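Structure first, commentary second.
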Amino acid sequence: APSAPDQQWIASGSNDGSIRVWSTLDWSCIRLLRPSTEWINALVVTPDGRALVSGGGERALRVWDTRSWTCMRVLPGHTDYVSCLQVSNDGAVVSSGSADRTIRLWTTDTWRCTQALKVKQWVHCCAITADETTARVVL
């Protein structure tokens, strides 16, 4: 489960469409988000801790501001459920994999999809690394 860089909270997604944010100090639920009626299958936190990205059955990503816990963006693009999310170490790129057999790369400065890669089977998981010149996706 993704957690804040300061390790003070951890987030979980559920099949009821909710995201729960838990305090790591006493394990109490400190925030309940209800972005969808579809299940939440994937969560990732940017390295600076300012954004939580969620994905699942609604076929879109949601970007949450972790200071106000409001949804900053809804990112459409997938045509089937989102199965996995990953963020680059530098926080510049988020990748999303889907049962629609695509991997999409999203730049975090504009939250726009910069690349979509079609693969032969639905994507279970992916890993991403990035530097100033390249992004690599590993299936």
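The values are calculated or read from the model by the stated rules, or taken from the named source; none is laboratory data. The structure presented is a predicted model; accordingly, all values stated were derived computationally and were not measured. FYI the Cβ positions are ideal-geometry reconstructions off the backbone, even for glycines, and counts take in every protein chain you see. All accessible areas refer to the heavy atoms of the entire protein, side chains included, with ligands and DNA or RNA removed. Shrake-Rupley method; radii C 1.70, N 1.55, O 1.52, S 1.80 Å.
3J(HN,Hα) couplings calculated from phi for region 112-124 with the Karplus curve 6.51 cos²θ - 1.76 cosθ + 1.60 (θ = phi - 60°) are, in sequence order, 10, 6, 9, 8, 10, 10, 8, 10, 7, 10, 5, 8, 7 Hz; Gly and Pro show x.
With the simple spin-label model, which puts each label point 7 Å out from Cα in the Cβ direction, the GLN115 to GLU38 separation comes to 2.5 nm. In the context of the full set of protein chains, the chain has a per residue accessible area of 54 Å² (1.4 Å probe). Averaging 1/r over each pair of different alpha-carbon atoms in region 21-95 and inverting the result gives 13.0 Å, the Kirkwood hydrodynamic radius.
For the pair ILE30 and GLN7, label points projected 7 Å from Cα toward Cβ lie 1.5 nm apart.
Summing charges over neighbours of ILE40, with a neighbour being any other residue whose Cβ is under 13 Å away from its Cβ, gives +1 when K and R count +1 and D and E count -1. Here Kirkwood radius over Cα pairs in Å was calculated from the structure, and among (i) 14.9; (ii) 18.7; (iii) 17.7 it sits at label (i). Taking amide hydrogens as placed 1.01 Å from N in the peptide plane, the amide H of ASP80 sits under 5 Å from those of ASP100, each at least 5 positions away in sequence or on another chain. Amide H to amide H distances under 5 Å link MET72 with VAL63, TRP64, ASP65, where only residues 5 or more positions off or on other chains count and H is placed in the peptide plane. Couplings for region 17-29, taken from phi via the Karplus curve 6.51 cos²θ - 1.76 cosθ + 1.60 with θ = phi - 60°, read x, 9, 10, 10, 10, 10, 6, 7, 7, 9, 6, 8, 7 Hz in order; Gly and Pro are left as x. Residues whose amide H comes within less than 5 Å of that of ILE30, counting only those at least five positions distant or on another chain, are VAL21, TRP22, SER23 (H built at 1.01 Å from N in the peptide plane). Taking all Cα pairs closer than 8 Å and separated by 6 or more residues, the relative contact order of the chain comes to 14 percent.
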